[in-house]
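Trainee: The structure under discussion is supplied below as structure tokens; questions concerning it will follow.
The values are calculated or read from the model by the stated rules, or taken from the named source; none is laboratory data. None of these values were measured; they are calculated from a predicted model. Virtual Cβ from ideal backbone geometry, glycine too; neighbours counted across all protein chains shown.
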Amino acid sequence: KRIAVLASGRGSNFQAVLDAIGAETIPAECVCLITDNPGAYAITRAERAGVPVRVIDYSAYSSKDAYEDALLSAMAACRADLFVLAGYMRIVGSRIVEAFAGRMINIHPALLPAFPGLHAQRQAISYGVKVAGCSVHFVDSGMDSGPIIIQACVPVLEGDDEESLSARILEEEHRALPAAISLFCEGRVMVEGRQVRILPRAE
Ligand code: GRF
């Protein structure tokens, strides 16, 4: 399978995906990194791994529509079976969602449907939840609202702040995202409405 990754920043989840491809636990090749941020550290990670990079610099476009036109054609040019949003910090417009329906997944650092949107870990701390985690889900037209493929949870400990909780959740993200991508690439992810069924591994 061919996968393409969209990332806006540090790219530690992207790195986890590259590592899993390197270790052959994800049966795929990463054909492209697309970023909206020319300063993203993810670019360095891609270059190190020999993954082609497309920068679609958000600030170079006069409107969100013009940006999304460019993004849509860059994505189409990847000819990817799966698009992975790994710390891509923008809302994906409906044209892109429709163009790649069922082929685009996102990692979110909360147990959805709790705490969608920005600063999910901070939201969890201030709400006072005792369990937090991450979710890998299909992208639909809502905010972090598509069918959930995998979740993993971590405790919220006495004295945690946004930073310590984020670090604990991030470790789980680095496992959950490659795991979800593997399942998808193995053809084991079935979506029926809101429900995602994980099929057993073929013998
Ligand atoms: C992760 O916590 C991801 O869930 C969130 O943004 C962060 C990106 O981290 N959407 P990285 O760029 O993968 O290191």
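Trainee: Could you please let me know if Leu165 is within 22 Å of Val97 (Cβ to Cβ) and within 12 Å of the ligand (Cβ to nearest atom)?
Mentor: Taking the combined requirement at face value, the residue does not satisfy it.
Trainee: Collect the residues in region 82-123 that are out of contact with any helix residue (DSSP H, G or I) (no Cβ under 8 Å at 6 or more places or on another chain), assigned to a helix (DSSP H, G or I) and within 16 Å of the ligand (Cβ to nearest atom), keeping them in residue-number order.
Mentor: Ala120, Gln123
Trainee: A follow-up question, please. Just to check your reading of the model, which residue among Glu203, Glu173 is at pLDDT 95 or above and among the acidic types (Asp, Glu)?
Mentor: Working: Glu203 fails: at pLDDT 95 or above.
One residue alone meets the criteria, Glu173.
Trainee: Okay, next question. Take Ile149 and decide whether it is crowded, with 21+ Cβ neighbours inside 10 Å, in contact with a helix residue (DSSP H, G or I) (Cβ under 9 Å, 6 or more places away or on another chain) and either part of a strand (DSSP E or B) or without any contact (Cβ under 8 Å) to a residue 40 or more places away in the chain (or both). Spell out the reasoning first.
Mentor: Numbers: crowded, with 21+ Cβ neighbours inside 10 Å: yes; in contact with a helix residue (DSSP H, G or I) (Cβ under 9 Å, 6 or more places away or on another chain): yes; either part of a strand (DSSP E or B) or without any contact (Cβ under 8 Å) to a residue 40 or more places away in the chain (or both): yes.
Answer is yes for this residue.
Trainee: Since Glu203 meets every condition but one in (1) more than 12 Å from the ligand (Cβ to nearest atom); (2) closer than 15 Å to Ile107 by Cβ, which condition does it not meet?
Mentor: Only one criterion in (1) more than 12 Å from the ligand (Cβ to nearest atom); (2) closer than 15 Å to Ile107 by Cβ is unmet by Glu203, namely (2).
Trainee: Identify, from the list Leu170, Leu183, the residue that is more than 12 Å from the ligand (Cβ to nearest atom) and either touching a Cys at 6+ places or on another chain (Cβ under 6 Å) or outside any loop (DSSP other than H, G, I, E, B) (or both).
Mentor: Of the residues listed, the single one that is more than 12 Å from the ligand (Cβ to nearest atom) and either touching a Cys at 6+ places or on another chain (Cβ under 6 Å) or outside any loop (DSSP other than H, G, I, E, B) (or both) is Leu183.
Trainee: Which count do you get for residues in region 113-151 that are among the aliphatic types (A, V, I, L, M) and farther than 19 Å from Met190 by Cα? If you could, list the steps in order and put the result at the bottom.
Mentor: Our first condition is that a residue be among the aliphatic types (A, V, I, L, M); within region 113-151, this holds for 114, 118, 120, 124-125, 129, 131-132, 136, 139, 143, 148-150.
Narrowing further to those that are farther than 19 Å from Met190 by Cα: 114, 118, 120, 124-125, 129, 131-132, 143.
Selection size over region 113-151: 9.
Trainee: Let me ask something else. Give all pairs with beta carbons closer than 7 Å in which a residue from region 14-25 that is within 14 Å of Cys185 (Cβ to Cβ) meets a residue that is near the ligand (Cβ under 9 Å from one of its atoms); count only pairs at least 6 apart in sequence or on separate chains.
Mentor: Val17/Ala86; Val17/Leu177
Trainee: Does Ile96 meet the test of being over 12 Å from the mean Cα position of the chain (by Cα) and of a type in the set (Val, Ile, Thr)?
Mentor: Working: over 12 Å from the mean Cα position of the chain (by Cα): yes; of a type in the set (Val, Ile, Thr): yes.
Here the answer is yes, as Ile96 does meet what is asked.
Trainee: In region 126-146, how many residues are among the hydroxyl-bearing types (Ser, Thr, Tyr) and either buried (at least 22 other Cβ atoms within 10 Å of the Cβ) or in a loop (DSSP other than H, G, I, E, B) (or both)? Give the derivation first.
Mentor: Step one: list which residues in region 126-146 are among the hydroxyl-bearing types (Ser, Thr, Tyr), which gives 126-127, 135, 141, 145.
Subset that is either buried (at least 22 other Cβ atoms within 10 Å of the Cβ) or in a loop (DSSP other than H, G, I, E, B) (or both): 135, 141, 145.
Qualifying residue count, region 126-146: 3.
Trainee: Six or more apart or on different chains, Cβ atoms under 6 Å: show the pairs whose first residue is in region 156-171 and in contact (Cβ under 8 Å) with a residue 12 or more places away in the chain and whose second is of a type in the set (D, E, K, R) and part of a loop (DSSP other than H, G, I, E, B).
Mentor: Val156/Lys130
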